[in-house]
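The values are calculated or read from the model by the stated rules, or taken from the named source; none is laboratory data. Quick caveat, the model's predicted, so the values are computed rather than measured. Using ideal geometry, Cβ is built from the backbone for each residue, glycine included, and neighbour counts are taken over all protein chains shown. Surface accessibility is based on the protein's heavy atoms, side chains included, excluding ligands, DNA and RNA. Shrake-Rupley method; radii C 1.70, N 1.55, O 1.52, S 1.80 Å.
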Amino acid sequence: MTVREDSPSFDTFCRKLETIRYKDGKRNGYPSRNHYFSEWIASNERQGIVYEVKGRKSDGYVPFTAVQKLKLSYMSSHPDLYPMLKGRAEDFRRIRENEQELNGKTVRYVPLSLLDKGKDVLGAIHDGDILAIVTKKQGLDTSHLGLAVWEQGRLHLLNASSIHKKVVLEPMTLSRYLRKHPSQLGVRVVRIAGL
């Protein structure tokens, strides 16, 4: 977004980062951050920055066959893990409200069982799409993010790896990567608008 500007600068970068990081692009304290990825998607869709890919019948096969009902509570259930909430009852209340605003909504995702398929099934996923890994961990919607990369007809994940301590293109397929983590169920797919 910054390099598309007429005069890209570090200040422009900071403003763009604030736009995507905070609810509807407006910083209003810690609770206004998009803490859950479902919040991030909704906020950035409203601003026209991204859209969630859900598959269409015109794409041929629609791989978004799994449904997750949002039950967000991780932050309000574990406030001790968030130093910015310590001693801030009003911020805690706003975090809980943010969770409740999304709870009960359903989202579609590509289940793990389909992620070992090729482009004939997963063609709705393009190189560079944001892949949000759906988790069954209580209180969360997603557990990790990365970018989609097709290599030799198979889907891989470009991500900031906690194991490798840097950004890497995972050598194993996305399907194999997810199978190493039993709490991971599949992926939601988000595309930057205009790409």
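Some values worked out for this structure:
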| read-out | value |
| --- | --- |
| Selection from Thr106, His35, Met1 lying farthest towards where the dipole of the chain points positive, charges on Cβ | Thr106 |
| Global form of region 126-167, assessed from the alpha-carbon gyration tensor, a/c cut-off 1.5 | oblate |
| Residues of region 133-179: accessible area per residue with a 1.4 Å probe, Å² | 57 |
| Rg over Rh [alpha-carbon atoms, Kirkwood Rh] for region 55-163 | 1.07 |
| Phi-based couplings in Hz for region 122-130 (Karplus 6.51, -1.76, 1.60; Gly and Pro marked x) | 9, x, 5, 9, 10, 3, x, 5, 7 |
| Most to least accessible of Tyr51, Tyr74 (protein chains only, probe 1.4 Å) | Tyr51, Tyr74 |
| Accessible solvent surface per residue of region 1-41, calculated while the other protein chains remain in place, 1.4 angstrom probe, Å² | 63 |
| Gaussian network model of the chain, springs between alpha carbon atoms under 10 Å - residue of Leu169, Leu140, Leu17 with greatest fluctuation | Leu17 |
| Share of alpha-carbon pairs per 5 Å distance bin for region 102-195, given as whole % | 3, 13, 25, 27, 18, 10, 4, 0 |
| Sulfur and carbon atoms: percent of accessible area, the chain [1.4 Å] | 52 |
| Mean shadow area of the chain over all directions, Cα convex hull, nm² | 12.3 |
| For region 144-191, diffusion coefficient by Stokes-Einstein and Kirkwood Rh (Cα), 37 °C, 0.692 mPa s, µm²/s | 292 |
| Per-residue HN-Hα couplings for region 13-29 [Karplus 6.51, -1.76, 1.60; θ = phi - 60°; Hz; x = Gly/Pro] | 4, 4, 5, 5, 4, 4, 4, 7, 8, 10, 3, 6, x, 10, 7, 9, x |
| Candidates Ile163, Ile20, Ile133, ranked by Gaussian network fluctuation over the chain, Cα under 10 Å, top entry | Ile163 |
| Lys69-Leu102 pseudo-label distance in nm [points 7 Å out on the Cα-to-Cβ vector] | 1.8 |
| Gln47-Leu81 pseudo-label distance in nm [points 7 Å out on the Cα-to-Cβ vector] | 2.5 |
